[in-house]
Amino acid sequence: MIQHFLDGFAFLQGWLFENAVEPAMFAMGLGEYIEDAFEGVEWFLAGLCEVAALYLVLRPLEAVIPAQQMTDRRARFNDFVYTLIHRLGFFSMAVFFTLDPVMDTIAAALRMEGVHPFNLENLMTGFHPLASFLMYLVVLDFFDYWFHRGQHKFRWWWALHSLHHSQQNMNLWSDDRNHLLDDLLRDAYMAILALAIGVAPGQYVLLVSVSRALQSLQHANVRIHFGRLGERLLVSPRFHRTHHAVGIGHESQGRELGGCNFGVLLPIWDQLFGTANFAPGWHGTGVRDQFARANPDGTVRPPRDYGRGFWRQQWLGLVRLIEAGNRRNAA
């Protein structure tokens with residue numbers, strides 16, 4: 001059955017490329033990018049399959065075993081807009097194929113100087129393809145953990161990343177609710193790492209797809225955990241909901257920045273570096289400054305507006321970024 005699916009996928013990719021993409025590329029004078037365009041069709045179709053599978057599997061679960069009741073259905077639709085932008089491959093594809101020739105040029109220049117950069121692919125020679133795939137997944141996840149911690153450590157970065165945490169009705173589409181600038185940074189970071197350790201373009205598509213599917217499960221509004229052992233092997237919806245919990249997951253010792261449960265796929269990094277919180281519970285999500293708070297002088301600080309629509313959210317993210325820069329300069 002899997003082989004039939006793969007055959008059908010390959011046929012659809014070839015048909016769509018030959019009948020729509022290739023003629024359009026030549027008509028626009030972009031023939032030199034034909035090979036990259038063929039890979040782009042693969043990203044696009046993989047994204048369509050992801051979105052369909054997620055809806056068919058996770059949406060019914062959200063209806064049957066919700067972690068919390070939805071109070072704003074428009075917020076879920078807005079997250080779906082983010083998902084279409086990201087899952088159809090436009091961001092990841094553009095970054096990966098832009099950086100691919102740059103990395104090749106750098107590697108060639110280093111070889112001319114007698115320098116041979118470390119490449120994980122050289123260590124995986126003779127291994128089963130599945131073992132190589134899992135090794136790449138673990139290595140990329142390790143670096144993704146530290147990227148995520150950086151988003152919570154630096155005020156300017158949190159100004160962008162807080163958009164992701166501002167969803168008070170977290171759902172299966174919320175993984176993609178990010179500021180575009182924040183996503184650009186992450187996609188460039190992950191693409192450079194993938195290219196540096198020898199991940200092939202086709203394999204990178206699969207790595208990204210698997211990672212994104214698991215992250216959609218983590219963000220889904222479902223009352224699911226993996227048990228005492230499973231929780232420590234794979235990030236579950238409960239483990240990640242704690243990361244999104246107001247005043248728990250993205251704050252530390254009374255400070256705005258910090259938190260727990262930064263693991264993207266594997267909680268082992270949180271366990272090794274002391275940021276794991278396996279406490280049970282299904283907490284409300286959001287950011288503390290979305291709620292009115294009392295100041296030390298007795299006045300009330302009004303709630304911060306993170307916006308409801310896509311463009312408003314993007315604009316307010318830039319406003320927060322500028323404010324963070326001004327606060328740093330004033331310090």
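The values are calculated or read from the model by the stated rules, or taken from the named source; none is laboratory data. Here the structure is a predicted model, which means the values were calculated and not measured. Ideal geometry is used to build each Cβ from the backbone, glycine not excepted, and the neighbour counts take in all protein chains shown. These area figures cover heavy atoms from the full protein model, side chains too; ligands, DNA and RNA do not enter into them. Shrake-Rupley method; radii C 1.70, N 1.55, O 1.52, S 1.80 Å.
In this structure region 270-329 gives 64 Å² per residue of accessible area when probed at 1.4 Å with all protein chains present. Length gained on full extension, Leu257 to Asp7: 85.2 nm, using 0.36 nm per residue less the C-alpha separation. FRET efficiency for the pair Arg301 and Ala188, taken as 1/(1 + (r/R0)^6) with r the Cβ-Cβ distance and R0 = 45 Å, rounds to 0.80.
Under 5 Å between amide hydrogens, built in the peptide plane, is the criterion, and for Gly247 it picks out Arg288 among residues at least 5 positions away or on other chains. For region 258-288, backbone nitrogen atoms closer than 17 Å to the point 7 Å from Phe154 Cα along Cα-to-C-beta are found at 258. Annotation for Leu181 and Ala24: the two label points, set 7 Å from Cα along the Cα-Cβ direction, are 3.0 nm apart. Label sites at Ile106 and Arg327, each approximated as a point 7 angstrom past Cα along Cα to Cβ, lie 3.2 nm apart. If the segment from Glu32 to Arg228 were pulled out straight at 0.36 nm per residue, it would be longer than the present Cα-Cα gap by 65.3 nm.
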